[in-house]
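Participant: Take this structure first; my questions come after.
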Amino acid sequence: MEEEEQNKGKKNKYSIIIPTYNERLNIALIVYLVFKHLREVDFEIIVVDDGSPDGTQDIVKQLQQVYGEDRILLRARPRKLGLGTAYSHGLKHASGNFVVIMDADLSHHPKYLPSFIRKQMETGASIVTGTRYVSGGGVHGWNLMRKLTSRGANVLAQTLLWPGVSDLTGSFRLYRRSVLEDVINSCVSKGYVFQMEMIVRASRKGYHIEEVPITFVDRVYGSSKLGGSEIVEYLKGLAYLLVAT
Amino acid sequence: MKHIIKISSLLVAIMAFWIGLLETSIVPRSNAWLLPIYLIVSLGCYGLLMVGVGLMRFPTCPQEAGLLQKDIVEAKEFLKQRGVDVGSD
């Protein structure tokens, strides 16, 4: 599994998969920031757009004109088909030996990408996951209720699942490509719970997981896609992971 | 092994221990009967304490919001010059 790094002649390539739905402005900002912060690294950005009606794909095409079609890949799907399948769809078109998964709403800042890559190189980890709940990390834009729910959910999950990572629902992660392929194929959850299932399954399979602190600024543009049934979905997901993993 | 089995075996072990205590009456029977309730109460306290501590020490990053705004302005300016339509939102 380590042969990619040991073979110094072959450089690592990172495929950054960003699923989008109505993110025309955010995707442009993200792409700019990725190119700004990853100067010395070989990477490609794969935008998986689920048929956004706001013209997200037009913006991506304009970005391809600026940065090159080999650096920004648009792999659209006809309609909203869910987060989990968006990743496997993007993965099919990824040419890197590492894959980064991040949200398009700017709550995940590309400036942390170098620390993910550095951490992976230092430790040889199969997965590096961003955590908001350690020093150096943090969250901005949450009210007390949101913080309370988040803490409660976290304590519940830590007590019941013993996952070995501090931030289960964060979705800013770097995976060794083969590991992501393996884990993604065994996941069945949808949406919100999917991120949690991915990391719990990876942990159960014994993959080496490392964490880096990230900050999370709640979305600036566009509306948040988390509904009121979030808590119910979370509890269902927790119960599912208890019996399934 | 499924995780639920791990947790169940832990619970079974605790129950076996408790039944053992009841049968051997090392501690008075009336006290031993209450032990599961103590366990549940202390688990609840632990949970509340962890949530409370987590809430008090919740890491926030108000400076990041400002930095992000600066990044957004910078990105918009750059992209506008290159002909990417970032005006309307």
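Participant: For the range A:106-149, which residues satisfy the criterion of being touching a Ser or Thr at 6+ places or on another chain (Cβ under 8 Å) and charged (D, E, K, R)?
Facilitator: Residue satisfying the conditions is A:132 alone.
Participant: Being within 14 Å of another protein chain (Cβ to nearest Cβ) and among the acidic types (Asp, Glu) is the filter; apply it to the range A:52-88 and report the residue that is nearest to residue A:188 (Cα to Cα).
Facilitator: So, considering only residues that are within 14 Å of another protein chain (Cβ to nearest Cβ) and among the acidic types (Asp, Glu), the one nearest to residue A:188 (Cα to Cα) is A:54.
Participant: With chain B as the region, which helices (runs of 4 or more DSSP H) entirely inside it contain at least 3 residues that are more than 14 Å from chain A (Cβ to nearest Cβ) and over 32 Å from the mean Cα position of the chain (by Cα)?
Facilitator: It comes to B:3-24.
Okay, residues lined up against (1) basic (Lys, Arg); (2) in contact with a Lys or Arg (Cβ under 7 Å, 6 or more places away or on another chain):
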position: A:118; (1), (2): yes, no
position: A:122; (1), (2): no, no
position: A:138; (1), (2): no, yes
position: A:145; (1), (2): no, no
position: A:153; (1), (2): no, no
position: A:162; (1), (2): no, no
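Participant: Okay, moving on. Just to check your reading of the model, which residue among A:139, A:179, A:165 is among the β-branched types (Val, Ile, Thr) and under 15 Å from residue A:216 (Cα atoms)?
Facilitator: So the residue among A:139, A:179, A:165 that is among the β-branched types (Val, Ile, Thr) and under 15 Å from residue A:216 (Cα atoms) is A:139.
Participant: Something else: Among the candidates A:54, A:42, A:70, which residue alone is among the charged types (D, E, K, R), closer than 21 Å to residue A:111 by Cβ and in contact (Cβ under 8 Å) with a residue 24 or more places away in the chain?
Facilitator: Answer to the check: A:42.
Participant: Something else now. So which residues in the range A:101-119 are out of contact with any helix residue (DSSP H, G or I) (no Cβ under 9 Å at 6 or more places or on another chain) and crowded, with 23+ Cβ neighbours inside 10 Å?
Facilitator: Answer for the range A:101-119, where residues must be out of contact with any helix residue (DSSP H, G or I) (no Cβ under 9 Å at 6 or more places or on another chain) and crowded, with 23+ Cβ neighbours inside 10 Å: A:107, A:116.
Participant: Could you name every one of the helices (runs of 4 or more DSSP H) located completely within the range A:102-202 that has at least 1 residues being at the interface with chain B (Cβ under 10 Å from one of its Cβ atoms) and without any contact (Cβ under 8 Å) to a residue 40 or more places away in the chain?
Facilitator: Here the list reads A:144-161.
Participant: Here's another thing I want to ask about it. Can you name every residue in the range A:162-172 that is closer than 20 Å to residue B:6 by Cα and in contact with a Ser or Thr (Cβ under 8 Å, 6 or more places away or on another chain)?
Facilitator: Correct list: A:163, A:164, A:165.
Participant: Name the residues in the range B:1-51 that are farther than 28 Å from residue A:245 by Cβ, modelled with pLDDT of 90 or more and not hydrophobic (A, V, I, L, M, F, W, C), would you?
Facilitator: Across the range B:1-51, the qualifying residue is only B:38.
Participant: In the range A:192-219, what residues are among the acidic types (Asp, Glu) and modelled with pLDDT of 95 or more?
Facilitator: Result: A:210, A:211.
The values are calculated or read from the model by the stated rules, or taken from the named source; none is laboratory data. Only a predicted model underlies this, so the values are computations on that prediction, with no experimental measurement involved. Reconstructed Cβ throughout: ideal geometry from the backbone, glycine too, with neighbour counts over all protein chains shown.
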